[in-house]
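Visitor: Shown below is the structure under consideration.
Computed from the coordinates by the stated procedures, all read-outs in this text should not be read as laboratory data. Remember, predicted model here, so these are calculated numbers, not experimental data. Here the Cβ positions follow ideal geometry from the backbone for every residue, glycine too, while neighbour counts run over all protein chains shown.
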Amino acid sequence: MKRLLVANRGEIAVRIIRAARDLGISTVAVHSTADADARHVRLADAAVEIGPPPAGKSYLLVDAIVAAARETGADAVHPGYGFLSERAAFAAAVADAGLAFVGPDADVIDRMGDKVRARQVAAAAGVPTVPGTEDGVDDVDAALAAAADIGYPVMLKAAAGGGGRGIRVVADEAELRTAFPAASREAASAFGDGRMYLERFVRRARHVEVQVLGDGTDAVHLFERECSLQRRRQKVLEEALSPGVDERVREEMTAAAVRLAREVGYRSAGTCEFLVDDDTHEFFFIEMNTRIQVEHPTTELVTGIDLVADQLRIAAGDPLPHRQSDIAARGWAMEFRINAEDPARDFLPSPGKVGRVELPDGPWVRVDTWLEPDVTIPPFYDSLLAKVVVWGEDRESAIRRSHRALAEFAVEGVPTTAGLHAEILGEEWFAAGDFHTGTLEKWLSDREEPA
């Protein structure tokens with residue numbers, strides 16, 4: 001691999017460019033007209049403008065990105081996360097152009113990107129799944145029949161998508177009759193596929209994911225991450241490891257993730273996501289993300305392994321660079337997603353001109369960001385400004401260091417979620433690790449209620 005095109009923007013594009021440079025690989029950035037002077041563009045060795053600001057006219061244009069790779073002499077393409085990263089058609093187009101796709105093969109993306117098919121693969125590999133439908137359903141009557149077998153409450157999920165789109169929790173038949181058409185329309189709009197699947201709703205569930213790395217023949221795990229603190233099914237704060245997983249569950253769940261990765265011949269970095277029942281300590285596979293995750297730095301800090309560099313090595317044809325026996329977890333890491341949003345105004349996105357920027361520093365504090373003083377935050381993309389990632393010898397020390405790091409974070413000109421993270425750190429339930437997927441939204445709702 002000599003030259004890598006990075007088919008993304010923002011902090012993940014910066015992250016990939018740096019990893020490539022560490023390996024002696026030159027880089028090509030693509031950008032919309034709104035990002036012409038963005039940090040990832042200036043860091044890359046070459047840059048190609050691919051269209052106007054809306055993602056649908058730039059960052060989602062498969063032909064334009066492949067053409068940019070060919071024109072600049074790139075021999076590989078890294079999709080990052082979001083945008084085209086889990087589009088099997090994009091992976092296929094890159095391969096058809098004679099370029100290496102830094103990720104799994106298109107057929108694996110296709111199989112694991114469909115939640116119904118992914119559950120079937122998981123079951124074949126002996127991985128526990130949440131009781132639910134075996135196939136996608138596309139009408140209310142089929143959904144009602146399935147729910148009667150599963151038992152209420154049930155969760156509706158888009159068969160072809162993720163990111164929280166199309167998800168509904170329904171308590172009874174009447175709610176299902178109303179919710180199904182709306183969820184199906186949302187799924188069809190977002191993913192071009194209105195099929196839904198139903199699964200048992202676990203009332204007190206943790207969202208725990210296992211990082212895997214494979215070379216198409218073998219696979220290893222890099223332990224788990226705790227991702228239960230979510231707002232509207234979007235992750236807010238992540239940890240590695242999970243305070244709600246004991247050693248037995250950890251061993252069984254990570255082994256299950258490796259079995260699944262081997263079952264599909266997984267190549268590159270990927271994540272198997274599980275629900276862990278806080279009451280019974282059962283775990284259930286829910287989906288696989290066939291890309292690098294936003295929260296991957298927490299795993300890097302506790303294992304000392306550069307996941308993006310390993311993605312590049314594997315895409316270049318190298319065998320898996322680690323044996324399972326060589327991978328150990330040391331200490332604890334936390335990641336705080338700092339978004340340009342106003343928590344006081346229902347998390348309203350806040351694009352605009354930024355003035356002074358102060359980023360935390362010091363021992364065991366990492367900041368992944370595209371942010372710089374005097375830049376303009378465009379209104380066209382995700383509101384993520386920075387990820388503040390902190391390591392400690394144990395969870396308690398990681399929390400203490402996180403207090404310090406967040407106190408040092410400052411951005412003038414736009415509201416951010418940094419202060420909200422500082423509040424969460426001060427809560428007793430967080431310090432105790434006593435939370436589940438519904439905790440944060442209830443806490444936010446309670447804060448807004450008048451005394």
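Visitor: Tell me, what HN-Hα J-couplings in whole Hz come from the Karplus equation 6.51 cos²θ - 1.76 cosθ + 1.60 at θ = phi - 60° for each residue of the stretch 232-237, using x for Gly and Pro?
Guide: Residue by residue, the stretch 232-237 yields 6, 6, 10, 5, 10, 9 Hz.
Visitor: Determine the dipole magnitude for the stretch 3-99: charges of +1 sit on the beta-carbon of Lys and Arg, -1 on that of Asp and Glu, nothing else is charged, the reference point is the Cα centre, and the result goes in debye to the nearest 20. Mind showing how you got there, number by number?
Guide: Details: 10 positive and 11 negative charges, 41 e Å.
Approximately 200 debye in magnitude.
Visitor: For a quick check: with amide H placed at 1.01 Å from N, whose amide H comes under 5 Å from Phe347's, ignoring anything fewer than 5 positions away on the same chain?
Guide: Amide H neighbours of Phe347, under 5 Å, 5+ apart: Asp342.
Visitor: Apply the Karplus parameterisation 6.51 cos²θ - 1.76 cosθ + 1.60, with θ equal to phi minus 60°, to every residue of the stretch 112-119 and state each ³J(HN,Hα) to the nearest whole Hz, in sequence, with x for glycine and proline.
Guide: Coupling constants for the stretch 112-119: 7, x, 8, 4, 5, 5, 4, 5 Hz.
Visitor: Mind checking the alpha-carbon convex hull of the chain and giving the volume per residue in Å³?
Guide: Working: hull volume 63.9 nm³, N = 451.
In the chain, the Cα hull volume divided by residue count equals 142 Å³.
Visitor: Per-residue HN-Hα couplings for the stretch 312-325, Karplus 6.51 cos²θ - 1.76 cosθ + 1.60 at θ = phi - 60°, whole Hz, x for Gly and Pro?
Guide: 5, 4, 5, 5, 7, x, 6, x, 3, x, 9, 9, 4, 5
Visitor: Could I ask something else about it? For Gly216, list long-range residues whose amide hydrogen, built 1.01 Å from N in the peptide plane, is under 5 Å from its own amide hydrogen.
Guide: Answer set, sorted by chain and number: Tyr266, Arg267, Ser268.
Visitor: Work out the length of the dipole vector of the stretch 131-200 about its Cα centre, built from +1 on the beta-carbon of each Lys and Arg and -1 on the beta-carbon of each Asp and Glu, and round it to the nearest 20 debye. Kindly include the intermediate steps, with their values, before the conclusion.
Guide: Numbers: 7 positive and 12 negative charges, 67 e Å.
Once rounded to the nearest 20, the dipole reads 320 debye.
Visitor: Right, here's the next one. Return the lysines within reach of Lys353: Cα separation strictly under 23 angstrom, same-chain partners fewer than 8 residues apart disregarded; answer none if there are no such residues.
Guide: Partners found: Lys387.
Visitor: Towards the positive end of the charge dipole of the stretch 393-451, with charges on Cβ (+1 Lys, Arg; -1 Asp, Glu), say which of Thr437, Pro415, Ala405 has the farthest Cα.
Guide: Ala405
Visitor: Looking at the stretch 303-371, which trypsin sites (Lys or Arg not before Pro) are in a loop (DSSP not H, G, I, E or B) and have at most 16 other Cβ atoms within 10 Å? Intermediate results must be reported in sequence, preceding the final value.
Guide: Details: sites: Arg313, Arg323, Arg330, Arg337, Arg345, Lys353, Arg356, Arg366; in loops: Arg323, Arg330, Arg356.
Within the stretch 303-371, the qualifying trypsin sites (Lys or Arg not before Pro) (loop, at most 16 other Cβ atoms within 10 Å) are Arg323, Arg330, Arg356.
Visitor: Below 15 angstrom from the Cβ of Arg356, what's the summed charge of the other residues (Lys, Arg +1; Asp, Glu -1)?
Guide: Values: positive: Lys353; negative: Glu358, Glu372, Asp374, Glu408, Glu412.
Counting the neighbours of Arg356, the net charge comes to -4.
Visitor: When ranked by the protection proxy of mean other Cβ atoms within 10 Å per residue, highest first, what sequence do the peptides 420-426, 202-208 form? List each step's numbers first, then the result.
Guide: Values: 420-426: 17.9, 202-208: 20.3.
The most tightly packed comes first, giving 202-208, 420-426.
Visitor: Determine the calculated [θ] at 222 nm for the chain from helices alone, applying -39500 (n - 2.57) to every DSSP H run no shorter than 4 residues and normalising by the residue count; nearest 500 deg cm²/dmol. If you can, show how the numbers build up before the last one.
Guide: On the way: 15 runs with 155 residues, N = 451.
Using -39500 (n - 2.57) per qualifying helix, the result is -10000 deg cm²/dmol.
Visitor: Right, next: Order 294-304, 67-77 from most to least packed using the mean count of other Cβ atoms within 10 Å. Numbers along the way, then the final one.
Guide: Details: 294-304: 22.9, 67-77: 19.2.
Ranked by mean Cβ neighbours within 10 Å, highest first: 294-304, 67-77.
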